[in-house]
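Notes to accompany the following structure.
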């Protein structure tokens, strides 16, 4: 979504086709997850951990923030394509990070809004340098 938003801002793409805008996911920053992996490797014994933010945001929220970062209204560019809606779509996916918080003293440092803005800024910069 962030790449498409950047392309639309630069006039390289006209619209973004998405499936279920209401689907909610646990979006997180890779750097936070790498930090969690490092903390796991420091433990005396190997254990399984769920590394997640513990909160969900919809596809629509992501699109809204991504386009807003570029001073665009997502409603003008995002279109729902029924063919992209998965028949067995899980409406909400969220991870329980309580064990990682408790044992690793880990928690995500990048908010959802910060994540989207970082992605959009990175994609826009990349696109501008590629033209």
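Bear in mind these aren't lab numbers, they're just calculated from the coordinates by the rules spelled out. Remember, it's a predicted structure, so these values are computed and weren't measured experimentally.
Observations
- GNM remark for the chain: springs join alpha carbons under 10 Å apart, and the peak mean-square fluctuation among 41, 70, 17 falls on 41.
- Compared with the dominant principal axis of the Cα atoms in the chain, helix 30-41 is inclined by about 10°.
- The helix-only estimate of mean residue ellipticity at 222 nm for the chain, built from DSSP H runs of length n ≥ 4 each weighted as -39500 (n - 2.57), is -13500 deg cm²/dmol after division by the residue total.
- Comparing 116, 34, 59 in a Gaussian network model of the chain where C-alpha atoms under 10 Å apart are linked, the largest mean-square fluctuation is found at 34.
- Stretch gain in nm, segment residue 48-residue 105, where the contour uses 0.36 nm per residue and the Cα spacing is subtracted: 19.0 nm
- In plain terms, the C-alpha convex hull of the chain casts an average shadow of 9.4 nm² when viewed from every direction.
- A Gaussian network model of the chain, with springs between Cα atoms under 10 Å, assigns the largest mean-square fluctuation among 89, 60, 117 to 89.
- Of interest is the spacing of the C-alpha centroids, which for segment 104-128 and segment 1-75 amounts to 8 Å.
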